[in-house]
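The values are calculated or read from the model by the stated rules, or taken from the named source; none is laboratory data. The structure displayed is predicted, hence computed values, not measured ones. All Cβ positions, even for glycine, are placed from backbone atoms using ideal geometry, and neighbour counts span all protein chains on display. Heavy atoms of the whole protein, side chains included, go into the accessibility calculation; ligands, DNA and RNA do not. Shrake-Rupley method; radii C 1.70, N 1.55, O 1.52, S 1.80 Å.
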Amino acid sequence: DSEAQGKVIKCSQCTKVLKRIRKLAGDDPDEAAVAAALQKGCRLLGRVMGKVCQQLVKKYQDQITEGLQNGDMPQDICSAMGFCRS
């Protein structure tokens, strides 16, 4: 199941989503800031990307939150989740 979902979401989509969320979350986000950014970020991406965003968030919220709080780059977070080759 996760492999099929992973194939649907591409590296470029993942990084696009996380760049937007990272920008919304700010430079040194706490968990609440990340959670708010995740919610808001998906809505701002339009219908198609918003759906991709929501899938990502639902499945990988903890990893995304942790990555953003550690100051990881979107590409690195997406690699860690298996969407990009590192």
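To the nearest 10 degrees, how steep is helix 11-25 against the longest Cα principal axis of the chain, on a 0 to 90 scale? In the chain, helix 11-25 runs at an angle near 10 degrees to the longest axis. Global size of the chain: 11.5, 34 Å for Rg and Dmax (C-alpha atoms, Rg to one decimal, Dmax whole).
Tally up the carbon and sulfur contribution to the accessible surface of the stretch 16-59 as a whole percent, 1.4 Å probe, everything protein left in place. Looking at the stretch 16-59 in its full context, I get 48 percent from C and S. With the simple model of a label 7 Å out from the Cα in the direction of the Cβ, A36 to D76 spans 2.5 nm.
Helix content alone sets the calculated 222 nm mean residue ellipticity of the chain: runs of n ≥ 4 DSSP H residues at -39500 (n - 2.57) each, divided across all residues, give -25000 deg cm²/dmol.
On a per residue basis, the chain carries 65 Å² of accessible surface, using protein heavy atoms and a 1.4 Å probe.
Simple spin-label estimate for R43 and K58 gives 1.8 nm between the two label positions (7 Å along the Cα-to-Cβ direction from each Cα). Between D27 and R85, the modelled labels are 3.6 nm apart [label points 7 Å from Cα along Cα→Cβ].
When the surface is traced with a 1.4 Å probe over the full set of protein chains, C84 keeps roughly 10 Å² accessible.
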